[in-house]
Amino acid sequence: MDSRQLRFPGYMLYCVMVATMGSFSNGWTIGSPNVPGEVTHNCPNGNAHINNPSVPDCLPMDTTLWGFAVSSFCVGALLAGLLGGPVQTKWGRKKSIRLNAIPWIVGAVLQGAAVHSGMFIIGRLIGGLSCGFGSLCIPTYIGEVSTIRGRGAMGSCHQFLIVIGILLANVVGLPTSNVPLWRLNYALVGVPAAVQLFLSYTIVESPRWLVSQNRIEEARHALSRLRGKRANIDGEFYEIVQAQLGSAAAASVAHHPETATKPIARTQRGDDEEEESLRAGDDSTVGPLPDEAGDEGQHDSLSLIGIFKDPLIRHITLIVLVLHFTQQWIGMNAVMFYSTTIFSDAFDPEMSKYMSIATMGVNFVATLISVLLIDRMGRRALLLLAEFGCVLFSMLLVIGYRFHVPALLVLSVFLYVASFAIGIGPIPWMITSELCPTYANSSVGAAATAMNWGMNFVIGLVYPLIFEEIGGYSFCIFIGVGTAAFIFTYIMVPETKNRSIETIFNNLRTKAADKIAVTDTGPQVTEPKQQPMSQQLDA
C-alpha cells in the first residue's frame, strides 16, 4: 500500500505518544499551582519547619510575588522558544526532544524541595525552558513524522496532552492541597519527563530533517519504520527528497523511479464528501511536485532575520505569528481568570473548586472532538468556527456581567472554553510545521513560540489590572480581537488537510509566483476577479 494513503501506522503512533509526553509535562507545569496555590504561599504556619525539619511548611509570598512565581515559567518559555531554533536545526528533532526533558526534571526537584521562594521561582523558570523549547520541537517532530491523512489528528495531540496535563494537575491538586503534600504536586512533573527521556532512545529521527542533512539512507530507513513493513514509501520519499534537494537528486535515490513519480489514485468516496473536499481545497490525488518546484536545490537553513527577508517565508511567518497572537489575545487565559470570580459568586468555595475542574473537563472533551474532526473538516473551518464561538460567547459574558445573570455567565464560560479548544487551541501549534519548508521551520517556529509565550506573559500581567478597572467589560477587547482574527483567517489562512507538507508549500510558492507575474506584466493583463488569499492558495 502506498504510504501516502496511510492514516495511523502503529510505530508512528508510538513516536507521537513519546513526543507528546512532553506536552503532558507542559500542561502539568501550567496547571500545578491552580489548586494547591493558596497553601503553597499562604499556609497558617508560614515558613516554620513543623511538619518536616528539612523544609518549611510553605513559602510565604505576597500576592504580587506569588503572581510572578506562577508566571515566571513563561519567561523561561519565551527565552527557550526564541533561542531554540538553531538548536533544533543543528541537533535534530529527536535529540531536541530528549534534551528538552532535562529542565523539567531539574525544575521539579527545585520546586518540590524548595526552602524559600527564590528556589521555587528558579524551579518554575527552569521548567519553563522545557515548556518553551517543547512548544517548538514537539509540534515540529509530530508534523514531520505523521502521515498525510493523519497529520491533523496527530498534530492536535500536542494540545490534547497539554489539556490532559492541566486537568490531571487540578485533580491531583485536590488531595494534595495541604502541608506537606503540596510539594508533591509540583514535583510530579519530573516523572513523565524522566520516562520521556528514556523512551526517546526508542523513536526515530524526522526523515525530513535527515534529508536536510544529506543523510539519505538514514532518512529512508526512518520513513520505512514510521510507515510499517507493508507500506511502499517510494512516492512519499521521492516527494520529500525532491522538495529539498531537487528532482535529479530524488530520481537518483529512488529505488523505483517509475512508481515513485506516479500519483496515487483518489480513494473511493461519496459524492457529497467529494464535493466538500474540493471546496475545502483537498487534493487527494497526491503525486510528485512539478519539476520546476523541486529543482532549486538544497536551501541553507534560514535564521530569525532570514525568514523576514524571503518574501514567501515572510508571508507564511505573518500568518503563523497572527494565529499565535490570536491564541493568547482572544482571551482564553482571561476567561479562566474571570471564571474564578464567576464561580465564587454563583457557588460556595468548595463547589467553586469543582466547577474550575469541570471547566478543564470541558476543555478536554472539546479538544478530543477537535482531534477527531480536524482531518475531516479541515484546519481553516475549525478555526473559523472557533473564532466565531469565542466572539459570540464573549459577548454573552459582557451581557451577563452588565445585567448580573450568574447562570448566563457560567454557561458562557463553558461554551467559550469549548469554542476555543476545538480550533484556536490546537491549530496554531500544528499549522506552523504544515506551512513551512524544512529549511525555515525552526526559525519560523521559534518566532511563533516566542510570540505565544511572550503574549501569555503579557496577558498574565496586564489583564488583572484591566479587569480591576472595567470588570467584565474587558471582554470587549477580546471581541474585537476575535472579529479581526475571523476576517484574517477567512482571507489569509489556507487549508492544509490531506496534503503533504511539500505540496502545501509548493502551492504557496506557485500562487506567489503567479501574483508577481501578473504584477510585472502591467496593464496589458486583465486580472480575474480577486478571491480571498486563502481560496487562492487552496486552488
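The values are calculated or read from the model by the stated rules, or taken from the named source; none is laboratory data. Everything quoted here is computed from the prediction, not taken from an experiment. Glycine also receives a Cβ, built like all others from the backbone with ideal geometry; neighbour counts cover every protein chain displayed. For the accessible areas, the whole protein counts, side chains as well, though only heavy atoms, and no ligand, DNA or RNA atoms are used. Shrake-Rupley method; radii C 1.70, N 1.55, O 1.52, S 1.80 Å.
So the values come out like this:
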quantity: Percent carbon-and-sulfur accessible area, the chain, ignoring ligands, DNA and RNA, probe 1.4 Å; calculated: 66 percent
quantity: Using a Förster distance of 30 Å, the FRET efficiency for I102-S303 (Cβ separation, nearest 0.05); calculated: 0.75
quantity: Highest average packing first - 489-496, 71-78, 151-158, Cβ atoms within 10 Å; calculated: 151-158, 71-78, 489-496
quantity: Cα-only Debye scattering, the range 366-521: base-10 log of I(q)/I(0) at q = 0.09 Å⁻¹; calculated: -0.38
quantity: The range 70-120 shape via C-alpha gyration tensor axes, a/c threshold 1.5; calculated: oblate
quantity: Convex hull (Cα only) mean projected area of the chain, reported in nm² to one decimal; calculated: 26.2 nm²
quantity: Using alpha-carbon coordinates, inclination of helix 190-199 to the longest axis of the chain, degrees; calculated: 30 degrees
quantity: The chain: angle of helix 63-91 to the longest principal axis, Cα-based, in degrees nearest 10; calculated: 20 degrees
quantity: Sites N52 and M1, calculated FRET efficiency, Cβ-Cβ separation with R0 45 Å, nearest 0.05; calculated: 0.15
quantity: Helix-only CD estimate at 222 nm, as mean residue ellipticity for the chain, using -39500 (n - 2.57) per DSSP H run (n ≥ 4); calculated: -23500 deg cm²/dmol
quantity: Contour minus Cα-Cα distance for V191 and L13 (0.36 nm per residue); calculated: 62.0 nm
quantity: Modelled FRET efficiency - R0 25 Å, A407 with E38, Cβ distances, 0.05 increments; calculated: 0.35
quantity: D_trans [Stokes-Einstein, Kirkwood Rh over alpha-carbon pairs] for the range 91-158, 37 °C, 0.692 mPa s, µm² s⁻¹; calculated: 250 µm²/s
quantity: 29 Å Cα-Cα threshold exceeded, pairs from K95/K229; K95/K515; K229/K511; K353/K497; calculated: K95/K515; K229/K511; K353/K497
quantity: Extended-chain gain in nm, criterion 0.36 nm per residue less alpha-carbon gap, Y201 and K90; calculated: 38.2 nm
quantity: Taking the chain and dividing mean pair separation by its residue count, relative contact order in percent (alpha carbons under 8 Å, at least six apart); calculated: 20 percent
quantity: Principal semi-axes in Å for the range 107-247 [√(5λ), Cα gyration tensor, largest first]; calculated: 40, 16, 12
quantity: Probe 1.4 Å, accessible area per residue of the range 295-387, Å²; calculated: 45 Å²
quantity: Tilt relative to the chain, helix 93-112 - C-alpha long axis, 0 to 90 degrees, to 10; calculated: 0 degrees
quantity: Where R124, R98, R314 fall by accessible area, highest first, once all protein chains stay in place (1.4 Å); calculated: R314, R98, R124
quantity: With DNA, RNA and ligands ignored, accessible area of I399 (1.4 Å probe; Å², nearest 10); calculated: 80 Å²
